[in-house]
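Below is one structure, written out as structure tokens; comments come after it.
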Amino acid sequence: MGNELAGKVAVVTGGASGLGSAMVERFVAEGARVVVGDIDAEKGRALADRCGAAALFQATDAGDPGQLTRLVARTVQEFDGLHIMVNNAGISGKMHRSILDDDFADFQRVMSVNVLGVLAGTRLAARYMAGHGGGSIINLSSVGGVQAGGGVMTYRASKAAVIHFTKSAAIELAQYDVRVNCIAPGNIPTDLLAKASSTMSPEKAERMTRAMRDAMNRDRPLPREGTPADVAEAAVYFAGDRSRYLTGTVLAVDGGTTAGKPLLRRNTGAASGSS
Ligand SMILES: NC(=O)c1ccc[n+]([C@@H]2O[C@H](COP(=O)([O-])OP(=O)(O)OC[C@H]3O[C@@H](n4cnc5c(N)ncnc54)[C@H](O)[C@@H]3O)[C@@H](O)[C@H]2O)c1
């Protein structure tokens, strides 16, 4: 690894596992100091311990602006600054076969974490950054926020909101040299998908997760699945100075899924285009 983020201080919400922990570890490897905010104290503390003096854990529910305020304040206090804010914490909500079956029981929670968490995290970081020479804010959207589809309607709406908000905040905050960009991952194996089916029987959940993963694999032009490290790579790029002329952008880290259908259908080997 390089030294791309030497001297920088970052916050990663939802940083205890999945894509978040890959970003934390990569940021530290690039010379940054990182505060991990997550509701999972066990995993968050273990990760901070592994990273040594370069990382701290603070128990934080990203859906609660008061807790985010304490997260940012502690970061500035302990590490004397804030240059990078990654609003990564996100939940899928419950998977439904159809909008016709959706009771919206988890609407408030999904919106609080995925939308309010991103808005409040952006505002808090930007308030500090605006008076301290600027910074980089990275919001996690999803292919589900770019592309229409079924199953998790509230999640899709929340992730589309993240994109629109990110672009709007980028316009407002540009005058302070605060850059705001989105990463829209797709099809990266983490616990996210399994959590969407956690109310089903284990067998049904496993069947559904496998079916969804197969469908996503068929829809992705690049033959390989992505990894959390692929998302961490994009985050380092947005966090560091190489992307200094980028703001208000959405980077799909999805193997080409949102670009279009693959030419070859991998399940049958038959060409879907012209012969
Ligand atoms: N994995 C993918 O392919 C994928 C695709 C599209 C978008 N995303 C987005 O990337 C982000 C990370 O997803 P992931 O796949 O790593 O998910 P994950 O479920 O594996 O990990 C999420 C992390 O966030 C934490 N978290 C959950 N609710 C929280 C809250 N209220 N406050 C603080 N922390 C909380 C969890 O404890 C966990 O550590 C999410 O915003 C997700 O929507 C992921």
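Listing for the model above:
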| quantity | calculated |
| --- | --- |
| Protection-proxy order for peptides 66-73, 110-117, 10-17, each taking the mean of Cβ atoms within 10 Å per residue, highest first | 10-17, 110-117, 66-73 |
| For the range 54-204, radius of gyration divided by Kirkwood radius, i.e. Rg to Rh on alpha-carbons | 1.01 |
| Cleavage-rule hits, trypsin sites (Lys or Arg not before Pro), the range 183-224, DSSP coil, Cβ neighbours within 10 Å at most 16 | Arg224 |
| Cα-based shape type of the range 199-239, given that a ≥ b ≥ c are square roots of the gyration tensor eigenvalues and the cut on a/c is 1.5 | oblate |
| Reachable lysines, given that their alpha-carbon falls under 26 Å from the alpha-carbon of Lys43 and they are not under 8 places away in the same chain | Lys8, Lys94, Lys159, Lys195 |
| Burial order of peptide ranges 58-65, 77-84 (average beta-carbon count within 10 Å, highest first) | 58-65, 77-84 |
| Estimated dipole of the chain in Debye, rounded to 20 [Cβ of Lys and Arg +1, of Asp and Glu -1, Cα centre] | 560 |
| Volume of the Cα convex hull of the range 1-107, divided per residue and given in Å³ | 112 |
| Local net charge near His96, Cβ-Cβ under 13 Å (Lys/Arg +1, Asp/Glu -1) | -1 |
| Cα extents of the chain along the three principal axes, largest first (Å) | 57, 41, 37 |
| Debye equation applied to the C-alpha atoms of the range 154-252, log10 I(q)/I(0) at 0.16 Å⁻¹ | -0.83 |
| Bridge type composition, the chain - antiparallel percent by DSSP, nearest 5 | 5 |
| The range 124-275, relative contact order [Cα under 8 Å, separation at least 6], % | 28 |
| Relative contact order for the range 58-216, counting Cα pairs under 8 Å that sit 6 or more residues apart, in percent | 25 |
| Assigned charges on the beta-carbon of Lys, Arg, Asp, Glu; the range 81-220 dipole about Cα centre (debye) | 140 |
| About the Cα centre, charge dipole magnitude for the range 1-131 (Lys/Arg +1, Asp/Glu -1 at Cβ), debye | 280 |
| Contact order relative to length of the chain, as percent, for alpha carbon pairs under 8 angstrom and 6 or more apart | 18 |
| Between the range 27-52 and the range 202-250, the alpha-carbon center distance in angstrom | 21 |
| Gaussian network model of the chain, springs between alpha carbon atoms under 10 Å - residue of Gly93, Gly131, Gly18 with greatest fluctuation | Gly131 |
| The chain - mean residue ellipticity at 222 nm from DSSP helices (-39,500 (n - 2.57) per run, n ≥ 4, rounded to 500) | -13000 deg cm²/dmol |
| Local electrostatic count, Ala46, Cβ distance below 13 Å [Lys/Arg +1, Asp/Glu -1] | -2 |
| For the range 27-165, with +1 on Lys and Arg beta carbons and -1 on Asp and Glu, the positive-most of Gly44, Leu119, His164 along the dipole | His164 |
| Radius of gyration and maximum dimension Dmax of the range 157-208, Cα, Å | 17.1, 53 |
| Farthest positive-ward along the chain dipole, Cα basis, beta-carbon charges - from Gly240, Pro262, Ala73 | Pro262 |
| Formal net charge of residues neighbouring Glu172 (Cβ-Cβ distance under 15 Å; K, R +1; D, E -1) | +3 |
| Relative packing of 38-50, 164-176, which averages over residues the other C-beta atoms within 10 Å, highest first | 38-50, 164-176 |
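Where a number appears in this text, it was derived from the coordinates with a stated rule and is not lab data. Small disclaimer: the values here were computed from a predicted structure and weren't measured. For neighbour counting, all protein chains shown are included, and Cβ atoms are generated from backbone atoms with ideal geometry for every residue, glycine included.
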